[in-house]
């Protein structure tokens, strides 16, 4: 029973160390300047009269491990948070593209994209919310984006089109072809094509019962994969 508090402390310390390693690796990936260097040399030396054990404790207090230095860890977390707060959210990128296209009302945008108002409100109110790939593609079609802007919109939601999924390949073909510049092409037209290919529709207001789903094409509806 006497060893229990010691084990609990050791576990918490090990968890702090793991958290520190993750944060440090995260900071490296974000290419953050290492302003959180830790010094292992105390500014003062321990008194000569201290025992060996007391000297050890002195150095533990004077030179804490990085994961034991709460102020430095707080500085590290703040640097990480500041780095991604500067990047634009999906909604900010979407609004920038909307303004560039001269669309005044938000309702005009989400209605032309066949996106539910509640879905749009969720995107607007929660900066960490990432809409589905189908919703993003609906906005791409509604805004008639070129390849560069379309990929920027997908990227702002942390989504990259995959070369092994049928729907992703079709999205890529549509974006690359430049057909979105033609007035005949809209979300309804794209959904008609997707339906014929037994792929999921874009937007969030399309009735699922309009899409033919059989036991044979169920896998394709959920996201077909190209056989290589």
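Here, each number is a calculation from the coordinates, and none is a lab measurement. Note that the coordinates shown come from a computational prediction; the quantities given were computed from them, not determined experimentally. Note that each Cβ is placed from the backbone with ideal geometry, even for glycine, and that neighbours are counted across all protein chains shown.
Observations
- Listing 115, 185, 93 from fewest to most neighbouring C-beta atoms within 10 Å gives 185, 93, 115.
- Among 173, 162, the order by Cβ neighbours within 10 angstrom, fewest to most, reads 173, 162.
- 189, 139, 128, 20 arranged by Cβ crowding within 10 Å, fewest neighbours leading: 128, 189, 20, 139
- Here the relative contact order of region 90-223, from alpha carbon pairs under 8 Å that lie six or more residues apart, stands at 27 percent.
- Spread of Cα-to-Cα distances over 10 Å intervals beginning at zero, given as percent, for region 90-223: 12, 46, 35, 7, 0
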